[in-house]
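Asker: Would you mind keeping the following structure in view while I ask a few things?
Coordinate-derived values only; no laboratory data. In this text the structure is predicted, and so the values were computed from the model without any measurement. Please note: Cβ atoms are built from the backbone with ideal geometry, for glycine as well, and neighbour counts cover all protein chains shown.
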Amino acid sequence: MSDLSDNELLDLFRKEESRNYAFNLLVRQYQQRLYAFIRRMVTDHDEAKDVLQNVFLKAWTGLDGFRADAQLYSWLYRIAHNESLNHLRKMRRGLFVSEESVMEKLTTTLDNSEHFSGDAIQRKLQQAVMRLPDKQRAVFTMKYFEGMKYETMSEVTGTSVGALKSSYHIAVKKIEEFLTTDQTSGH
Amino acid sequence: MELKDEPNELGEAPILRSLRGTDPFVVPESFFDTFPHAVQQRALATAAPRSVSPWRRILRPALAMGAVALIAIIGLRWPASAPLEEPAPLAVQDWTPEDLVRSGVDIRSVQTLLGPEESLMDVIELPDDDHAVIAYLENEDLPLDLLIEEL
């Protein structure tokens, strides 16, 4: 990872001779954090890779218009958030199926994935997260897994802090309920 | 409903609290080493964005808007096919009966040519008596001297 600040990275990107180098540094700097978020949203590694690639391609074409007063990380995260939601929407449209069917597909992906190392309770947690509506899943992922501040989440999602808190609170309740019920019923 | 910020947000969710911080997703080995190169290749394969200076970013839309406005104005003011130049209106002299008399035109002949609808002036039936004619003309306030000359 480079030690360059966002502004230094942007300055390098704006110069023709250092554009490719700066972009490479930018990808290296943010790929892991963005991947983690996308992976939790779409579950499958290959799909996460495609979405992540689209995120950086959009960044490549959009960086010239990036306002320096905004945070580069928030901006990239916003693209990742939108791309993940678009991907799930497309998946639903492509399958012509209900929310439950998509959830089932994601669960199957999780069960068959060699890239998931979690134990039974971790698996249940992922299933519970996948049962959430897309936007609520994004809110829960940002807060619970990424530990993001509500203010940053607000920049990313374009939703008010109050609405985000409410959404997260409901998500936590739903998931805890799902986990408790599942555990007591012995599944 | 009052929502408390972290860590109390998970106060009523003990299972979630206990699972926090674990990441069960596995990333294939060396994925993050090769990914930047792969994405860069794709970025370069797509149309590489040229750096656009700020003034061009502002000037371009302004010029485009100006051009559209100009075309719209020309379209409104300039008819599809320009009509032939209209001939200059003929200068028609407004002749009065007095002018006609002065120029020696026979008023009766003009009246005959124009027809009864186009009344040039009232057709005057002059009496045979000269005194009566003079009296009539005086009464009509016509240029008597000229008429006398003509007669």
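Asker: Find out how many positive minus negative residues lie around A:Asp50, taking Lys and Arg as positive, Asp and Glu as negative, among other residues whose Cβ is under 15 Å from that of A:Asp50.
Answerer: Summing Lys/Arg as +1 and Asp/Glu as -1 gives +2.
Asker: Then there is this: If R₀ is 22 angstrom, what is the calculated FRET efficiency for the pair A:Arg89 and B:Ala64, using the beta carbon separation as r and rounding to 0.05?
Answerer: 0.10
Asker: Which FRET efficiency, nearest 0.05, do B:Glu29 and B:Ile73 yield, Cβ-Cβ r, R0 51 Å?
Answerer: Taking R0 as 51 Å, the efficiency between B:Glu29 and B:Ile73 is 0.20.
Asker: Using DSSP to define loop residues, name the trypsin sites (Lys or Arg not before Pro) in region A:1-49 whose beta-carbon has at most 13 other beta-carbon atoms within 10 Å.
Answerer: A:Lys15
Asker: Moving to a separate point now. When Cβ neighbours within 10 Å are restricted to other protein chains, what is their mean count per residue of peptide A:44-55?
Answerer: Averaged over the peptide's residues, the number is 2.
Asker: Within a 10 angstrom radius of each residue's Cβ in A:125-131, how many Cβ atoms of other chains show up on average? Whole number is fine.
Answerer: The shielding value for this peptide is 1.
Asker: What FRET efficiency comes out for the pair A:Thr108/A:Ser160, r = Cβ-Cβ distance, R0 = 51 Å, nearest 0.05?
Answerer: 0.90
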